[in-house]
Every structure is written in C-alpha cells, then in structure tokens.
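Let me begin by presenting the structure, written as structure tokens, before commenting on it.
The values are calculated or read from the model by the stated rules, or taken from the named source; none is laboratory data. Being a predicted model, the structure only gives us computed values, none of them experimental. Virtual Cβ from ideal backbone geometry, glycine too; neighbours counted across all protein chains shown.
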Amino acid sequence: MTKPTYNITTFYPGVFDELAELLYFSLLELGVAATITSRTIYTEATNIVFGVHTLGEKALELPSNTIVFNLEQLDLQSEHPVIREWTKLYLALGERFVIWDYSTKNLALWQEFGVQAKLFEFGYQKSLNRIYSQHSGIKQDIDVLFYGSTNDRRKKVLDELMARGLRFKHLFNVYGKQRDEWIARAKLIVNPHLRTTEIFEVVRCSYLMNNAVPIVSEINPTTVIEPRFLAGVAGAPYELLADKCAELIQNDSERLAQGYRGLASLSQYPQFELLGRIL
C-alpha cells in the first residue's frame, strides 16, 4: 500500500468533511497520494489539519511540517471572547506552521503579525458534483433551507422568511449525505452572515455552487467577496434577504438559472490547478 504524502484530518468531525474531500480528490488529480482521517496525525506524512483550535494549546505540539488550514473569521477586536481567543491561538500557530487561509481579510491580519499565510482559493471539483445526481427525482417540498448555527442576527432573517409564508427548514448539526438530501429537497439556500465581520461564507457556498444549488446570500457594500463569486449567488443586503428569497421562489426559471450561474462561476477554476499553486 502506498504511503500517503498528505494526511487530511479534521478535529471537528462532520463540519469540514466536504473540504477534506475537496483536497483529497484534487491531490489525486495532481498525482499525489493522500488520505482522509479524523483526529489522526501521521508522522510519516504532511498533515493538513482543520478545526485545530478545538485542541487549544495542544495544537502547538503538532509536527513541524503540519499545514494548519484556518476556516475561522479572525478578529482580535471581536465582541465575542471566544473569537479573540481563537485568533490569538491561530496567530501563535502561525509562528510554527505553514498556514492556509480562505479569506483575504484574514490574510491582512496574518501579514500584520509577520505571518506569510497562503490564500486557499476555491474552485470546481467534479467528484463533489453529486447532490442532485444522488437524489434524482426527489420532490422539492421546501422553499428555503438554512443550515448552521443561529444567533439573533440570523434568527431575524429566518423569522421574516416564515412570516412571508415560505416553506422553511432549519438544520443544525446535520452533515454529509443526510444534509445533502435536505439540500436537494429545497428550492434554494439562504446564507446570512453570522457576525458583522462581513466575510463571504465561501466554504459553505462553494460546495453549493459546485452542485448548481441556488443561493441567496447576504452581500452588503462592506462584504468581503471575490468578484468572481458575485454572479454565483443572488446577493442582497441583510434587510432584503427575505424579500430576495420570496422573489426567486416565485420565479422558477430565474432561480434555476441562478444555480447554473453559480456552477459556471466555479467551474472556470479547476480546484486541482488552484491547489497546485500553493503546495
């Protein structure tokens, strides 16, 4: 059996599974041996780790060739103490390990502290285009789906959706195939920001765009988003998200076209090519 060159492991099971697969399939396309594990470190491979903040300071003891993949919105001035603590931990990890980050806004913070983090750009992975093919013929009996954690900010949007009489479903702690079935049943996904850090949720949305799933996403003038993704979502400011959802639910042709625009915005950028630039 060929020993893996890269071990992709997550310390936050379920949450980052699709991202682990994105890396895995793209590494294989590059001709690089890889494996996916959970909470497992291989001494004979380069470990790419997700959710490392759950380890606390134990994360500092990882092998020196570890690649730390940050998917958190970093902010030393956050009103949330846990965000400030995570940010401090990641900055400490940046002094020891290679850092990959999904956000240009985060990259500015890394650079401020002298860390040369690498930007991970999201692209298309054919092996992850599967939601509708695996659930063909399923009835779309949900108008709007939201999955993830809520707070007062998000709950306001969800309440507005229900007030408009839309068939709405909220999922929490539902991952993988079970969540994908719910996605297939929904006519569109709504994506409001959790916090006011204003970073586009590209990790969540790229998987949906990879599958031509229509997305209504919060896009404010201050939202940090790559221009190439602007056409890939139906963007609306926070206060108009529910209106935008209702508008698309009443227009099937535009809703479906939006899903395909999302796929088109991603498929121009094969993930294995983007990954090859930072390996």
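Remarks
- Counted residues, segment 92-135 - those being outside any loop (DSSP other than H, G, I, E, B) and either of a type outside the set (A, V, I, L, M, F, W, C) or out of contact with any helix residue (DSSP H, G or I) (no Cβ under 8 Å at 6 or more places or on another chain) (or both): 18
- Residue within segment 122-134 that is over 26 Å from ASN210 (Cα atoms) and either touching a residue at least 40 places away in the same chain (Cβ under 8 Å) or not assigned by the TED database to the domain that holds PHE168 (or both) present: no
- Count of residues meeting criterion [within 21 Å of ILE83 (Cβ to Cβ) and not hydrophobic (A, V, I, L, M, F, W, C)] in segment 194-252: 11
- When PHE172 is tested against (1) among the hydrophobic types (A, V, I, L, M, F, W, C); (2) more than 24 Å from GLY14 (Cα to Cα); (3) surrounded by fewer than 17 Cβ atoms within 10 Å (Cβ to Cβ), just one condition goes unmet, and that condition is (2).
- Scanning segment 60-76 for residues that are acidic (Asp, Glu) and part of a helix (DSSP H, G or I) yields a total of 1.
- Residue identified as surrounded by 14 or more Cβ atoms within 10 Å (Cβ to Cβ) and modelled with pLDDT of 95 or more among ARG185, ARG277, ARG195: ARG185
- For segment 30-54, the set of residues classified as over 21 Å from the mean Cα position of the chain (by Cα), under 23 Å from GLU273 (Cβ atoms) and not hydrophobic (A, V, I, L, M, F, W, C) consists of GLY31, THR46, listed by residue number.
- Scoring PRO192 on the criteria (1) in contact (Cβ under 8 Å) with a residue 40 or more places away in the chain; (2) within 27 Å of GLU29 (Cα to Cα) leaves a single failure, condition (2).
- Which listed residue, of GLY94, GLY114, is free of Cβ contacts under 8 Å to residues at least 40 places away in the same chain and under 22 Å from the mean Cα position of the chain (by Cα): GLY94
- Members of segment 11-47 found to be out of contact with any helix residue (DSSP H, G or I) (no Cβ under 6 Å at 6 or more places or on another chain) and among the β-branched types (Val, Ile, Thr), listed by number: VAL15, VAL32, THR35, THR37, THR40, ILE41, THR43, THR46
- Just one of the listed residues (GLU85, GLU79, GLU57) is in a loop (DSSP other than H, G, I, E, B) and either under 21 Å from the mean Cα position of the chain (by Cα) or surrounded by fewer than 20 Cβ atoms within 10 Å (Cβ to Cβ) (or both), and it is GLU79.
- Scanning segment 209-229 for residues that are of a type outside the set (Lys, Arg), assigned to a helix (DSSP H, G or I) and closer than 23 Å to GLY14 by Cβ turns up at least one hit.
- When SER38 is tested against the conditions (1) at pLDDT 95 or above; (2) loosely packed, with under 14 Cβ neighbours inside 10 Å; (3) over 23 Å from ASN173 (Cα atoms), the lone failure is (3).
- Flag for TYR12 being modelled with pLDDT under 95 and either under 25 Å from CYS205 (Cα atoms) or part of a helix (DSSP H, G or I) (or both): yes
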